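Each remark here refers to the structure printed beneath this line.
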Amino acid sequence: MRTSIILENITKLYQMGDSEVRALDGVSLTISDGEFTAIMGPSGSGKTTLMNIIGCLDRPTSGSYRLDGQEVAALTDDQLAVTRNRKIGFVFQNFNLLARMTAHHNVALPLIYTGIDKKTRHDKASRALAMVGLANRMFHRPNELSGGQRQRVAIARALVNEPTIILADEPTGNLDSRSGEEIMNIFHALNRQGRTIILVTHEPDIAACARRIITVRDGKIVSDERKER
Amino acid sequence: MFWESIIIALEGLKANKLRSVLTMLGIIIGVGAVIAMVSIGMGVRQKVQTSIAGLGSNLLIITPGATSPTGVRLAAGSNNSLTVQDAQAIAREIPGVSLVAPFVSRQYQVIYGNKNWTTSIQGTTPEFLTVRNFTVDSGTFFSGQDNDTRARVAVLGRTVADNLFGDISPIGQTIRINKAPFRVIGVLGAKGQSAGGADQDDMVLIPLTTAQERVLGITFLHSISVQAVSADVINQVQDEIVELLRSRHRLGAKPDDFTVRNLAAILATAEETTRTITLLLGNIAAISLVVGGIGIMNIMLVSVTERTREIGIRKALGATYYNILLQFLIEAVVIGVTGGLIGIGLGVGSSYAISGIAGWNTVVSFSSILLAFGFSVMVGLFFGLYPARKAALLDPIEALRYE
Ligand SMILES: Nc1ncnc2c1ncn2[C@@H]1O[C@H](COP(=O)(O)OP(=O)(O)O)[C@@H](O)[C@H]1O
Ligand SMILES: [Mg+2]
């Protein structure tokens, strides 16, 4: 199996006034294509920081990260933007939808930056929304949708450009358990299609769905377990 | 992407109507003021141009008495230095002169029946008609022979005809000027007000010799109008007239006892003045455009801060520096252009209102509309650039963490 995510000895330092925060401290990690990985750990342990680096939103202070064989440190900001647009889909804990726009418009947003024509954009967004079961809510604004529906819109937006990697940072953190279950079912379906899923979570039963569970503490990986089925 | 951005920008403006209008207000007022002010300036200029041109083309006017270079009449020099012989000499001896009209005038009461009207009685020769650009509306003008025979005939200006005769035709009627009877043989076409606001139709024309000998009792002239054959020779003709009159008046080393005014030169000066006024008005208005631009910058900076999270989301989804820059620049330009369009409507409307209500002449020129519009686009671009750059340079992580 191909491994497209390779992190070697990644550190991330944040300057907070006089003191330095070591959010990641020598993290090495490889993730193969099609893996379903959960990242666990207490609050402030560096999970989000790790996700942001994997998702090319942020750059490590030191260490090497290769994505599809490309050293990310060598890319310009605009090249990182293009990489995020083509290869990565983000799902955030607080959904991060644009309130002014309809669900359909939100989902089509990444395609605007890909430079896809309007008709194709419309079709792809409709299909992505249908896939997460929101075909009948396409033209509602986020404030007219429930939390679970909003997160499904966000997932549709993450998968609309058919990325190989989907990153979800506590996607069920703001949802009730039933909505959380629905969301997890969607992630499983996406994983069965062959997409790499990396999911940050607090909840052990959510993590239990994943085949691989990585635990982080104080910016270090303290355990990395694989379940065989 | 480009059209998308324009639509996104328009939607944004629509979502926040009151704020958008307040932001645009500076541009609306600026553009409106530029157009209205320039149209007033151009109106004044056009009015001065037509009224000076209406006096007659290629015209030189000679008056007795010296004038200082600033145009102030000096006490020195006699006021009876110009004669009919001077006028005849100019016509005879100076090439480049096409017509010469000697001229005298004084205020008198004119009586017809039980009506009277005090007006300017002007004695001149038939050349006056062409030189000063008058037309005969009805009847005829007096001839050279009327002048030779000191005939008691009169041609009325429109204002005099209206006041003395009303609806009756004045032709063939007898009026009394300073108690002497005159037969009306014609009425001039109306010319309206001069640049100075004087009524150019409030006068009665009679033959020069009649005026000099039978009415005023003088032998000198009040002025001589000279028409040059073309604008090219007018300065040369002016110099030759000065030379001729100096030698005829035997002035030697003494200063001129007459003044030659060149209407082309006066016209040029007047145009220069009105151009300056127009420019000044336009500049004052342009300052308000800049103030409007600062308003755009202010609101765009607020908008960038408010939408920090949106910018973070867009960047996470793959928006590049250029994408974000373009989005905010287009918003700023859309504010500028929308404000500019409303301002054009306002400016054109108010300049028509000014000419309608105040009775001023205004000229809405296409170039001032184009200029003001172009300016508002530039203002949007210029003052939008800094906020847009600020947005485009935001770090996606920082922007997403923004509360
Ligand atoms: N932008 C930042 N500036 C300063 N410190 C930060 C920043 N982002 C994260 N941190 C710090 O880095 C550590 C890891 O944060 P994070 O990755 O968000 O943890 P988690 O997602 O596991 O809760 C925390 O101590 C946090 O305070
Ligand atoms: Mg976190």
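Only the coordinates and a few stated rules stand behind these numbers; no lab work does. Nothing here was measured: the structure is a model prediction, and the numbers come from that model. FYI the Cβ positions are ideal-geometry reconstructions off the backbone, even for glycines, and counts take in every protein chain you see.
Counting Cα-Cα pairs of the stretch A:83-126 in 5 Å increments starting at 0 gives whole-percent bin shares of 5, 21, 28, 28, 16, 3, 0. Entry note: the stretch B:82-248 has Rg to Rh equal to 0.99, where both radii use alpha-carbon atoms and Rh is the Kirkwood radius.
Residue by residue along A:112-123, Cβ atoms of other protein chains within 10 Å of the local Cβ number 2 on average.
Here the protein assembly as shown is assigned +1 on the Cβ of each Lys and Arg and -1 on the Cβ of each Asp and Glu. Its dipole about the Cα centre then comes out at about 840 debye. Taking a sphere under 13 Å around the Cβ of A:Gly41 and counting the other residues whose Cβ falls inside, with K and R at +1 and D and E at -1, yields a net charge of -3.
So if I place +1 on the C-beta of Lys and Arg and -1 on the C-beta of Asp and Glu, and nothing else carries charge, what would the dipole magnitude of the stretch B:82-248 be about its Cα centre? I want it in debye, nearest 20. Could the numbers behind the result be given before it?
On the way: 14 positive and 16 negative charges, 142 e Å.
For this selection, approximately 680 debye.
Ranking A:Ala168, A:Thr120, A:Thr196 by how far each Cα lies toward the positive end of the dipole of the stretch A:109-229 (charges on Cβ) leaves A:Thr120 at the top. A simple charge model with +1 on the Cβ of Lys and Arg, -1 on the Cβ of Asp and Glu and nothing else charged puts the dipole of chain A at about 840 debye relative to its Cα centre.
I want the local charge near B:Arg214. Using Cβ-Cβ distances under 13 Å, sum +1 for each Lys or Arg and -1 for each Asp or Glu among the other residues. Each step should come with its number before you reach the end.
On the way: positive: B:Arg106, B:Arg150, B:Arg152, B:Arg176, B:Lys179; negative: B:Asp146, B:Glu213.
Counting the neighbours of B:Arg214, the net charge comes to +3.
At 222 nm, what value in deg cm²/dmol follows for chain B if DSSP H runs of at least 4 each add -39500 (n - 2.57) and the sum is divided by all its residues, to the nearest 500?
On the way: 12 runs with 218 residues, N = 403.
Rounded to the nearest 500, it is -18500 deg cm²/dmol.
Compared with the dominant Cα axis of chain A, that is its longest principal axis, helix A:147-159 is turned about 80°. Using the Cβ-Cβ distance between A:Leu75 and A:Ile6 with R0 set to 22 Å, the FRET efficiency from 1/(1 + (r/R0)^6) comes to roughly 0.90. Quotient of the Cα radius of gyration of the protein assembly as shown and 2.2 N^0.38 Å, N being its number of residues: 1.73. Please return the longest stretch of chain B lacking exposed loop sites, where trypsin sites (Lys or Arg not before Pro) count only if DSSP places them in a loop and at most 12 other Cβ atoms lie within 10 Å. The longest such stretch corresponds to B:1-178.
Per residue of peptide B:4-16, the mean number of Cβ atoms on other chains within 10 Å of the residue Cβ is 1.
Across the cross-link table entries A:Lys12/B:Lys315; A:Lys87/B:Lys315; B:Lys315/B:Lys390; A:Lys87/A:Lys227; A:Lys118/B:Lys315, which are compared at the Cα atoms, the separations over 25 Å belong to A:Lys87/A:Lys227.
Normalising the Debye intensity of chain B to I(0), with uniform scatterers on Cα atoms only, and taking log10 at q = 0.07, 0.11 Å⁻¹ returns -0.55, -0.85. Protection proxy ranking, highest mean first, for peptides B:358-366, B:236-244: B:236-244, B:358-366, where packing is the per-residue count of other beta-carbon atoms within 10 Å, averaged. Taken residue by residue and averaged, Cβ atoms of other chains lying within 10 Å of the Cβ of A:191-202 number 0.
Each listed q (0.15, 0.17, 0.29 Å⁻¹) maps to a log10 I(q)/I(0) for the stretch B:117-161 from the Debye sum over equal C-alpha point scatterers, namely -0.40, -0.51, -1.34.
Diagonalising the gyration tensor over the Cα atoms of chain A and scaling each eigenvalue by 5 before taking the square root yields semi-axes of 28, 20, 17 Å, largest first. The lysines within cross-link reach of B:Lys191, meaning a Cα-to-Cα straight distance under 21 Å and a gap of 8 or more places when in the same chain, are B:Lys47. If I take R0 = 22 Å and measure r between the Cβ atoms of A:Ala208 and A:Ser177 in this structure, what FRET efficiency does the formula 1/(1 + (r/R0)^6) give, to the nearest 0.05? Once rounded, the FRET efficiency stands at 0.95.
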